[in-house]
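Quick notes on the structure that follows.
The values are calculated or read from the model by the stated rules, or taken from the named source; none is laboratory data. Just so it is clear, the structure is predicted and the values come from calculations on it, not from any experiment. Here Cβ is always computed from backbone atoms with ideal geometry, including for glycine, and neighbour counts include all displayed protein chains.
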Amino acid sequence: MKSEPDVGLKITFDCIPCAIGSLITLFDKGLVPGEKQEPAMRAVLAYFSRIDYNQTPPQMGKDMHRIIREVLGDPDPYHEIKMKFNNLMLSYYPDLKKIVAEAGDRLAMALKLAIAGNIIDFGPNQPFDIDKTLNLAKSIVPAIDDTESLRTDISRAKTILYLGDNAGEIVLDKLLIETIGHPDVYFAVRGAPVINDATLEDAKAVGMEEVARVISNGDDAPGTILKDTSAEFREIFGRADLTIAKGHGNYEGLKGSLGNIYFVLLAKCDYVAGRLGVRKGDFVIKHIQSPPGGEAYVPS
């Protein structure tokens, strides 16, 4: 067993307005009663006044949204939004499946559509256009494209672990997993509601069990913080031959982790884009692997 590496990105000052934007989204969507908006904002601002800047964005997001849920007295403020986008993306599914089936390279097309789905995120303080992004995905060239390496690793892997991100988006993850067609795939969701991240309820709503074994990671961070996940999840993470980590939160939490990991995401902010060496808005399929003989870090 290897010692713990320096895992994850550290938050910056720019992360603060982005995080507050997710709270304002709740206000704008009418999901927070008027009388609770000021108490929620004050509680969040108090948290940011004492925040540890050595932590990762997923840890910050976990702490912040626990505070919001406590103030609201609501365990899942985004529940209605998540169901809306699950149903919306399911309505797109037949047409998207046809696009993949007719593509010259089915895996490459399914990957690009899955990345396009990564735009469905109420964490960052920015609007998104699903139709525009899906149409763009058909012809876009990823700024980092390790598809060929991924194709090879899929063919060699006995077990694949796929880390999901947001509700709605997971319909595109389902299409990608279906396209991969591997017999032993685990699909991991968050252990409890946080922002619009996918949970077991969302996975069930889109029929994810049809293409993968669905598991919870046991934690309510909007990303993957290995030390906080369940023993079951860590065991699967440690033995998976290949991990596909979807979205910002998983990249922010797992960068630096040992293992055979492919980060599949849309670069939604300048900070993450800069760390990847791409531009904001770029599609990314990035392979990061342990040194030869490296062993995945699995916290005890």
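Restricting Gly104, Gly191 to those that are free of Cβ contacts under 8 Å to residues at least 60 places away in the same chain, closer than 30 Å to Leu31 by Cα and surrounded by fewer than 21 Cβ atoms within 10 Å (Cβ to Cβ) reduces the list to Gly191.
Residues that are of a type in the set (Asp, Glu) number at least 2 in the following helices (runs of 4 or more DSSP H) confined to the stretch 100-206: 147-156, 170-180, 200-205. Within the stretch 217-238, at least one residue is in the same structural domain as Lys84 (by TED's automatic domain parsing), farther than 23 Å from Tyr93 by Cα and aromatic (Phe, Trp, Tyr). Is there a residue being under 24 Å from Ser149 (Cβ atoms) and of a type outside the set (Gly, Ala, Ser) anywhere in the stretch 221-229? Yes.
Conditions tested, residue by residue: (1) buried (at least 22 other Cβ atoms within 10 Å of the Cβ); (2) of a type outside the set (Val, Ile, Thr).
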| residue | (1), (2) |
| --- | --- |
| Gly61 | yes, yes |
| Leu72 | no, yes |
| Asp76 | no, yes |
| Lys82 | yes, yes |
| Leu90 | no, yes |
| Ala108 | no, yes |
| Ala114 | yes, yes |
| Ser149 | no, yes |
| Thr159 | no, no |
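Given the criteria acidic (Asp, Glu) and either modelled with pLDDT under 85 or surrounded by 16 or more Cβ atoms within 10 Å (Cβ to Cβ) (or both), does Glu4 qualify? The answer is yes for Glu4.
Inspect all residues belonging to the stretch 48-55 and state whether any of them is without any contact (Cβ under 8 Å) to a residue 12 or more places away in the chain, more than 23 Å from Thr229 (Cα to Cα) and either surrounded by 11 or more Cβ atoms within 10 Å (Cβ to Cβ) or not assigned by TED's automatic domain parsing to the domain that holds Val272 (or both). Yes, the stretch 48-55 contains at least one residue that is without any contact (Cβ under 8 Å) to a residue 12 or more places away in the chain, more than 23 Å from Thr229 (Cα to Cα) and either surrounded by 11 or more Cβ atoms within 10 Å (Cβ to Cβ) or not assigned by TED's automatic domain parsing to the domain that holds Val272 (or both).
For every residue, the table says whether it meets (1) at pLDDT below 95; (2) within 11 Å of the chain's Cα centre (by Cα); (3) over 19 Å from Ile11 (Cα atoms); (4) buried (at least 21 other Cβ atoms within 10 Å of the Cβ).
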{"position": "Ile244", "(1), (2), (3), (4)": "no, yes, yes, yes"}
{"position": "Asn250", "(1), (2), (3), (4)": "no, yes, no, yes"}
{"position": "Tyr262", "(1), (2), (3), (4)": "no, no, yes, yes"}
{"position": "Leu266", "(1), (2), (3), (4)": "yes, yes, no, yes"}
{"position": "Gly277", "(1), (2), (3), (4)": "no, no, no, no"}
{"position": "Lys280", "(1), (2), (3), (4)": "yes, no, no, no"}
{"position": "Gln289", "(1), (2), (3), (4)": "yes, no, yes, no"}
